[in-house]
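In what follows, a structure is listed as structure tokens, so that the remarks can point back to it.
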Amino acid sequence: MAGDEPQRRDGRTRDTRQRIEAVALELFATQGVGQTSLQEIADRVGLTKTALYYHFRSKSELVRSVVGDAVEELTTFLTRAEHDQEDPGRILEGFFDLCYRHRDVLRALIFDPTAMAHLAHTDLMPRPTHHAVQLLAGPDPTPEQQIRAFMAIQGLSRCATMLTDVDPDELRTISVAVARETLTGAAQPSSTG
């Protein structure tokens, strides 16, 4: 089976694919996708480049794999929110939490435009954003409702991803409150929690 890898001499199991993804994400987030070579990833994992190609046929496949988990989690959350008819506040909170959890992936994509080139033939990144906008704007939205929903979700995502110097709880509380204000056009009561 693909998931059954041999054990190392020290008794620990190996999951080479996950180790490659973890090292790739670390390097993509710190130095950019375009500046990270497959050889560098292979060296850090302790593989030959040929062995790395056994797991990922190209850099694009590796980038899609690293990004794929975050996108899948966002997509699952939004599908469940749609099915359960979640209110906009809960959608904003959940979207923030997922963006915050996957901030390294999102930051790697934001800081390095070449990363998006590796995703060019997929709709991995736009799909969750458009789905969230549809849920927040409602059925038959006006242009203003669409714009407010788009600005709310994009602003929320950027705050969760980029503001590393703000306390996480404070960041979540304020970001969600401002996203709600953007969405509705009205100031929301401040909450501490």
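The values are calculated or read from the model by the stated rules, or taken from the named source; none is laboratory data. If you're wondering where the values come from, they're calculated on a predicted model, not measured in any experiment. Here Cβ is always computed from backbone atoms with ideal geometry, including for glycine, and neighbour counts include all displayed protein chains. For the accessible areas, the whole protein counts, side chains as well, though only heavy atoms, and no ligand, DNA or RNA atoms are used. Shrake-Rupley method; radii C 1.70, N 1.55, O 1.52, S 1.80 Å.
Assorted remarks:
- Annotation: extensible slack from GLU82 through ALA186 equals 35.1 nm (criterion: 0.36 nm per residue apart, minus Cα-Cα distance).
- Estimated inter-spin distance, ASP167 and GLU61, nm [label 7 Å along Cα→Cβ]: 4.7
- Segment ARG107-TYR54, extension gain: residue separation times 0.36 nm, minus the distance between their alpha carbons: 16.3 nm
- Derived scalar couplings between HN and Hα for region 169-182 equal 5, 5, 4, 5, 4, 6, 4, 5, 4, 5, 5, 5, 4, 4 Hz in order, rounded to whole Hz, by the Karplus curve 6.51 cos²θ - 1.76 cosθ + 1.60 (θ = phi - 60°), x for Gly and Pro.
- Neighbours of SER175, meaning other residues whose beta-carbon lies under 15 angstrom from its beta-carbon, give a summed charge of -1 when Lys and Arg score +1 and Asp and Glu score -1.
- Averaged over residues, the count of other Cβ atoms within 10 Å places the peptides 34-46, 134-146, 151-163 in the sequence 151-163, 34-46, 134-146, highest first.
- Per residue, in Å², the accessible surface of region 9-106 once ligands and nucleic acids are set aside, probe 1.4 Å: 55
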